[in-house]
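> The structure that follows is given in the form of structure tokens.
The values are calculated or read from the model by the stated rules, or taken from the named source; none is laboratory data. What you see is a predicted model; the values in this text were computed from it and never measured. Neighbour counts run over all protein chains shown; Cβ positions are idealised from the backbone, glycine included. Areas reflect the complete protein model, heavy atoms only, side chains present, ligands, DNA and RNA absent. Shrake-Rupley method; radii C 1.70, N 1.55, O 1.52, S 1.80 Å.
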Amino acid sequence: MHSMFFCTSLHVSRRFYDLCLDHLRSRFVAVPSAAARLSLAMLASAYVGAKATGMTLPSFPDPSLFFVAVVALDLYCRFASPSFVSRAAPIFVYSLIYVVATSLVGIFASYATQRLAMPLQDELFLSLDRWLGVDWLAFAHYVDDRPLLAKWLREAYSSMTMQIIAPVVVLVALERIGELRVYLLAFAIALTATIVIAAVLPASSAVTLVDDSLFHELRFGGRTPLDHLSRLRESAPLNFASSTIGGLLSFPSFHAVVGALTPLSLRTVRPAFYFLCVVDIALMVGTVTEGGHYFVDPIGGVALAYLSYRMAQRIERRRSRSIPCIGDAIGYRAERLMIENAHPSPLCRELER
């Protein structure tokens, strides 16, 4: 009797687990499993590194109210009458959750990996700038003498957060699930690679080599906080307040990564692509002035963005070819449920490819 009850309970639990997993996979249908694994690997390595070195980051706000809102939206879209909103809203919300969560994990990982205290490579990047034939100080003074140019570069530089979200908004609105999957995977690959490279080749940034009081218009709002970097590189236990969290990545510039990855992901949406090209040229220049980066930093960021996007495309193409042959039991079943339960739309047609 007891063994029969145990087997029944185990079967019910397994069935419930499969249903929950299918539901999550159908909601996170735009998030490739490779991207999720990268984010989890980043989180795990950052957690282990932080624990080993005695580093603690501030606690974030209680997300319980946010999760209640997400569940309410999910239930509404599940039982609402068929419409574009009921189809697209869950995909948008869950894709946005992934982007925000991965970005927060990236901040945590960038701080944890700097505890490795690898030798600073400012001399290397300075020599590369000289090899390129550019003078950071002369260029910064040139921009500083032109207030309108400095303001435009500052606004473009500060657009990074909106540009990270823009492909999610546009591609969900156009129901291009395949292109959205490539973007999210490329974002995860680029962020992971940026953190690893910055940990191996850390730098304090070009603006730390000069007196910023010499400038009137440039604010260097994106520069690396030197006090953070020096404290991170010490072996003593460390605890940061939430108000002191700042960017630490010098090479490659993640602003430049986003500035290249966003238009690359939206290149088929011509009006958005042309607008982004204008903004992102200014963003690239702004990484040198407002961000205080070496010239080689945005060049490395653009190259990394392109390579990450091409890698994501290749992984997704291989996945689309292997699913009909291999079956990928859970993921394929989730996508079929998405197709069968939703009403005919460009989204469903793209999933059927």
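> Scan region 114-125 and give yes if some residue there is part of a helix (DSSP H, G or I), surrounded by 17 or more Cβ atoms within 10 Å (Cβ to Cβ) and of a type in the set (A, V, I, L, M), otherwise no.
no
> Please enumerate the residues belonging to region 264-290 that are open to solvent by 10 Å² or more (accessible area, probe 1.4 Å) and within 17 Å of the chain's Cα centre (by Cα).
Listed by number, the list holds a single entry, Leu264.
> Can you tell me how many residues within region 159-185 are of a type in the set (S, T, N, Q) and open to solvent by 20 Å² or more (accessible area, probe 1.4 Å)? Walk me through it before giving the result.
Let us first name the residues in region 159-185 that are of a type in the set (S, T, N, Q), namely 159, 161, 163.
Now drop any that are not open to solvent by 20 Å² or more (accessible area, probe 1.4 Å), which leaves 159, 161.
So the answer is 2.
> Now for a different question. Would you pick out the residues in region 193-222 that are under 19 Å from Leu232 (Cβ atoms) and hydroxyl-bearing (Ser, Thr, Tyr)?
Matches in region 193-222: Thr194, Ser204, Ser205, Thr208.
> Inspect region 101-110 for any residue being of a type in the set (Phe, Trp, Tyr), surrounded by 17 or more Cβ atoms within 10 Å (Cβ to Cβ) and either on the phi < 0 side of the Ramachandran plot or part of a helix (DSSP H, G or I) (or both) and give the result as yes or no.
Of all residues in region 101-110, those of a type in the set (Phe, Trp, Tyr) come to 108.
In the following step, the residues that additionally are surrounded by 17 or more Cβ atoms within 10 Å (Cβ to Cβ) were identified as 108.
Imposing the further condition that a residue be either on the phi < 0 side of the Ramachandran plot or part of a helix (DSSP H, G or I) (or both) reduces the set to 108.
The answer is yes; a qualifying residue exists.
> Looking at region 287-315 only, could you name the residues that are at pLDDT below 90 and assigned to a helix (DSSP H, G or I)?
Scanning region 287-315 gives Val288, Thr289.
> Sticking with this one: Determine which member of the set Arg223, Arg181, Arg219, Arg130 is at pLDDT 90 or above, among the basic types (Lys, Arg) and farther than 25 Å from Arg310 by Cβ.
So the residue among Arg223, Arg181, Arg219, Arg130 that is at pLDDT 90 or above, among the basic types (Lys, Arg) and farther than 25 Å from Arg310 by Cβ is Arg130.
> Shifting gears a bit: Condition (residue is at pLDDT 90 or above and of a type in the set (Asp, Glu)) applied to region 271-286: is it met by at least one residue?
Yes.
> Which of the residues that make up region 80-112 are of a type in the set (Gly, Ala, Ser) and over 20 Å from Ala166 (Cβ atoms)?
Answer for region 80-112, where residues must be of a type in the set (Gly, Ala, Ser) and over 20 Å from Ala166 (Cβ atoms): Ala80, Ser81, Ser83, Ser86, Ala109, Ser110, Ala112.
> Report every pair of residues separated by at least 6 positions or lying on different chains whose Cβ atoms are under 9 Å apart, first residue within region 249-277 and over 20 Å from Glu155 (Cβ atoms) and touching a residue at least 12 places away in the same chain (Cβ under 8 Å), second outside any helix (DSSP H, G or I) and charged (D, E, K, R).
Thr268/Arg176; Val269/Arg176
> Which condition number in (1) surrounded by 14 or more Cβ atoms within 10 Å (Cβ to Cβ); (2) more than 30 Å from Tyr98 (Cβ to Cβ); (3) modelled with pLDDT of 80 or more is the one that Pro147 fails?
(1)
> Next question. Cβ-Cβ distance below 8 Å, separation of 6 or more or different chains: which pairs start in region 33-45 with a residue that is over 15 Å from Tyr111 (Cα atoms) and free of Cβ contacts under 8 Å to residues at least 40 places away in the same chain and end on one that is in a helix (DSSP H, G or I) and of a type in the set (Phe, Trp, Tyr)?
Sorted first by the residue in region 33-45, then by its partner, the list stays empty.
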